[in-house]
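> Dropping a structure here in structure tokens format, bear with me for questions.
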Amino acid sequence: MRFNALSIVVVCLLAQLCPAADQGETIRRFDFADCPAGEIPQGWSLRQGGDRGQVGVHEIGYAEGWKSIRVSAAKACYLEYSLPVKPGETYRVEAFCRQVGLGSSTIQINWHMANGRLYNYDGLNSSRFRPFDKRWNRAFLVAVVPRNVVNMKLVLCVENQKINTDTVWFSGISIVKPTSELYAPAPDQPAPLVEVDLDSGDYNLFTSNLETLHTLRMACVNHSDNVMDEPIAEWVTPASAPRYAKFLRDSGFNAVLTNGQRYLMSDSKDHKPYPDVLKGSLPFPELVENAAAFVKAFHDEGLKVYLHLTACAAPMEMREKRPDWMTVCVTDGRTKTIWGLQWLCFNNPEFRKEYLRRLGVLVEQSKCDGLMVDETSLMYETCGCGHCRDKFKRDTGITMPPEGQAWYRDLSNAVYRRYLQWRLKQYMDFNTEILANLRKHRPDGVLLSYYAVPHIPTAWVDHGISNELSATVGSTHGLETIVNYDKYWTLYIANMKLIRSAAEHGIASIFATRSDHSYNQMYYRWLLDLTQVSHRYWHWYVPEAMKRARVPLLHWETKNKNLLAGMYGGADTAVVISTRNNNLHRRPLGSINLQNSYFAVGETLTAASIPWKAVGDLDLDKPLTGKCKTLVALNLSLMSDAQAQNIRQFVADGGTLIAALDTSLYDEHGDRRRNFALADVLGCDFEAIVEQDGLLTINQPQRFLGGITGEFSSYEASVRVKPRYDGKVWGTINVDGRSMPGVVHNKFGKGQAVYFAGHVEPLIYFNELHAITVTPRPEGQSRDMAMVNLFTNLVKNTAEDRVQIDNLPACVVVETYRHDYNDKQGFMVCLFNGTGFFTEGRPQKESISYPDIRSQLPDKDKPIVIRLADSTATRVFAVSPDFRGRTELEMQRTDAGVSVKLPTFGNLIMIYFE
Ligand SMILES: [Zn+2]
């Protein structure tokens, strides 16, 4: 049980961090020298399925005498090599790769158990090569074989190549057993235990749905008899449910989410196990009886029960039974299989009617409290069935182009853009109907929504859903996290803020879901969740010891439940992330696009201890004045006239707008405007797009920029603008010897705008962040710290956050919240000791540690001082998992507000101004 996910794999991308290749015992080395050109080398195999393009050995490799494996025009090509291994062994896998054109290339390690099944674990297992630069790059992975694993599969993955010249070469692949412990991460610093004195009154069950969601402590319960390699003695049955219910109640939960009735459309047991819940889904109507017994057992203990269902995903046998119900690919007219399941089209009136009928029966008879319904969207290239085509024509007046036409995924095509928006509406309509169906039988019933895979650049497009719509549908909103978020934890924070931005339009209760493999990991992740005032949906299938270990954490949440409810982002800086913009304008200028622009800004602010919040389309559609003091809207290309007016008014009322490139150059449908909608606010008019690198120079010191002057790394792309009378040019860009405005400052009304005529984000982006598109920055080159400083100064100086903290060590995460729950109003400042999770200035971690804060204080003889402006607080107290109970803090009242002294803190502290 020693091997936890954190110690499994270490990834390094930078060449200078790479050890010499001959350190250790070489188990395999592949130079492919003896393999004829064009062939697949012996021992390697191509995974079945997928459009793999051309693949085979090529004469030229990384070193003299080496050959390579070349892959071109591959939509999805996976070359695999299998090696028997033993748990606990350490391996280093290394490869060189060169890439031309589009596509992504990675090396990946998959683990397999004795039964041949994939061992699914929550850690990093792949390393992406740097794309675009046409040179040989090296990547390596260091991995410790997890328990129960007998086989390591090394996979060379190539995806998303488009044309024949999109090519990747792999060469010099080696598998080495390192002789030293050099590559294994340091062991985790053991997480402290959490101690809490729970009074009988703290744990009140039998509460309303709404109160339960506000103070959510939800356990996920599968009904299946096993999960991965973790044998579970028995299936949770109606007979055993009361015992489980009592155990969960005693553990501190107040709700369960059960998967036992996932497939409503299944009518028989005569089928292979279904993916996802395996044997957990009974045929209809047996599953209704089972669910009813289950719900009753948990209700008897005072817990709320939410049913986790699928809507459109269906077992494969549905294909034979109801071929006419299937979704149809827009591009090739075929039915679509996703994740080994068939997809049904909810625009098929027969299916929709039958599904909603069964749902009604389930809700009525089971007496469940709410639902979480997955797969309520038309995903990827669906749907182009007859019903969808008819409806699209009816709704929009536009005929959907026939199959085989190259309109799909072409964002320059107005029909495609229209289709994407139409599809979102279909999602919304279907969910609205599901909710109405639930409320018919349970007037106080709730829908739980969650958002997944936001790290995939096309997720928001392909999945046919949006974060905002999901949140609009659900009463509480969550995030299904992915493995890499653990290592790149500022990315996790940025994602939770995205979830919060949408959830605050509802009851502002958010949650995250992931499974933990060790107490250290669980504790660390729990702290991250607390910084975001996020609840968790706790997985049932974790090792038995973990179920006991998490009880104090749940009890801490129970004790402090009112502080984890009704919290709203309190930061005076807001970063815009617009789903609509990202859906309809996939490739803004430059290589960094979509949500990565948001992540670049957000993570930079988190790393600089600047509190910030996210605002999305739902916010932009409403008046923004009072929402924040500084609005960062880099590359917000698409904007409706109404949104532009909200931003204009925000600036006129005294706010600061920080914008860049083509912000407001397109209308809400993605059609280009002649000029920026916000030209008057920005103080400049649009002239032309310049798709060339340019060097930014600032000559005159400006107070808002912290007085920084000099040359910066080149802007990756720029826009030529003409300043208006009031627009002051703060910096210039030099493109091919020609100078043009680079930064324009404009006073507008009581506020101001700062416009960057080039692409700021690639310069401040943490390029190492895994699993999301990297920017083409030369190997080894880190962020442009001059730009990082300039940008953070600009944000800090313009926002002048109402919370100011003196004597704070670097790398402490600062979050602020406005509290409004039941009769309580207040303000909370949350400090998280992130000092152990920065590696050479990058927010990432190889292992968990919590260095002491006191020794890192800028002035060791002075306390940390937190000042809160405009506060009428009468007392201040602190709670923390680091100590029992509450600590009253002495409060000083000043002209500007109040302040408290904090001698030091441990791992996380919440300071509440009441
Ligand atoms: Zn359809």
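The values are calculated or read from the model by the stated rules, or taken from the named source; none is laboratory data. Here the structure is a predicted model, which is why all the values come from computation and not from measurement. Methodologically, a virtual Cβ is constructed for each residue, glycine included, from the backbone with ideal geometry; neighbour enumeration extends over all protein chains shown. We work out accessible area using only protein heavy atoms, side chains counted, and drop any ligands, DNA or RNA first. Shrake-Rupley method; radii C 1.70, N 1.55, O 1.52, S 1.80 Å.
> May I ask for the equivalent-ellipsoid semi-axes of the range 359-489, computed as the square root of five times each C-alpha gyration tensor eigenvalue and listed largest first in whole Å?
Square roots of five times the eigenvalues give 29, 22, 10 Å.
> Another question about this same structure. Where does the range 803-913 land on Rg/Rh, using Cα atoms and the Kirkwood Rh?
Checking Rg against Rh, the ratio lands at 0.98.
> For the chain, build the charge dipole from Cβ charges (+1 Lys, Arg; -1 Asp, Glu) around the Cα centre, then report which of Phe30, Asn437, Asn259 sits farthest towards its positive end.
Farthest along the dipole direction, towards plus: Asn437.
> Hey, which of these cross-link pairs are over 21 Å Cα-Cα: Lys559/Lys824; Lys86/Lys153; Lys86/Lys845; Lys75/Lys321; Lys269/Lys296; Lys304/Lys547? Before the final figure, lay out each step's value.
Values: Lys559/Lys824 16 Å; Lys86/Lys153 13 Å; Lys86/Lys845 26 Å; Lys75/Lys321 31 Å; Lys269/Lys296 25 Å; Lys304/Lys547 19 Å.
Table pairs above 21 Å Cα-Cα are Lys86/Lys845; Lys75/Lys321; Lys269/Lys296.
> I'd like to know which of Leu341, Val145, Gln700 lies farthest towards the positive end of the charge dipole of the chain, counting +1 on Cβ of Lys and Arg and -1 on Cβ of Asp and Glu.
The residue sitting farthest along the positive end of the dipole is Leu341.
> Count neighbours as other Cβ atoms within 10 Å of each site's Cβ, and list the trypsin sites (Lys or Arg not before Pro) in the range 816-914 that are DSSP loop with at most 15 such neighbours.
Details: sites: Arg818, Lys824, Lys845, Arg854, Lys860, Arg867, Arg875, Arg884, Arg886, Arg893, Lys901; in loops: Lys845, Lys860, Arg875, Arg884.
Sites meeting the loop and neighbour criteria: Lys860, Arg875, Arg884.
> Now, a different point. Lys/Arg Cβ at +1, Asp/Glu Cβ at -1, dipole of the chain taken about the Cα centre: which of Leu553, Gly885, Asn797 is farthest positive-ward?
Positive-end residue among those listed: Asn797.
> Then there is this: Using every Cα-Cα pair within the range 734-881, state what percent have a distance larger than 19 Å. Present the calculation step by step, with values, prior to reporting the outcome.
On the way: 7595 of 10878 pairs.
The answer is 70 percent, as a whole percent.
> In Å, the Kirkwood hydrodynamic radius of the range 573-799 over pairs of distinct alpha carbons?
17.1 Å
> Please calculate how many Å² of accessible area the chain carries per residue, with a 1.4 Å probe and no DNA, RNA or ligand atoms counted.
For the chain, the solvent-accessible area averages 37 Å² per residue.
> Of all the accessible heavy-atom surface of the range 356-418, with the other protein chains kept in place and a 1.4 Å probe, what percent is carbon and sulfur?
47 percent
> On to the next question. Can you list which of the trypsin sites (Lys or Arg not before Pro) found in the range 45-97 are DSSP loop residues with at most 16 other C-beta atoms within 10 Å?
Here the sparse-neighbourhood loop sites are Arg47, Lys75.
> Enter the Cα centre distance for the pair the range 895-914 and the range 352-392, rounded to the nearest angstrom.
The distance from the Cα centre of the range 895-914 to that of the range 352-392 comes to 49 Å.
> Can I ask one more? Quote to one decimal, in nm, the extra length available between Glu888 and Ala652 on full extension: 0.36 nm per residue of separation minus the C-alpha distance between them.
80.8 nm is the gain from fully extending Glu888 to Ala652.
> Can you list the HN-Hα couplings for the range 103-117, worked out from phi with the Karplus curve (6.51, -1.76, 1.60; θ = phi - 60°), rounded to whole Hz and with x for Gly and Pro?
In residue order, the calculated couplings are x, 10, 10, 9, 9, 9, 10, 10, 9, 10, 8, 4, 7, x, 6 Hz.
> Under the rule of at least 5 residues apart or a separate chain, name every residue whose amide H is placed under 5 Å from the amide H of Glu800.
Close amide H contacts, sequence-distant or interchain: none at all.
> Then there is this: What value does the chain have for Rg/Rh, both radii from Cα atoms and Rh as Kirkwood defines it?
Dividing the radius of gyration by the Kirkwood radius yields 0.95.
> Still on this structure, please answer the following. Given N residues in the range 317-429, what is Rg(Cα) / (2.2 N^0.38 Å)?
Dividing the Cα radius of gyration by 2.2 N^0.38 Å gives 1.16.
> Using amide H atoms built in the peptide plane, which far-off residues or other-chain residues are under 5 Å from Val373 H to H?
Distant-sequence amide H within range of Val373: Leu309, Leu448.
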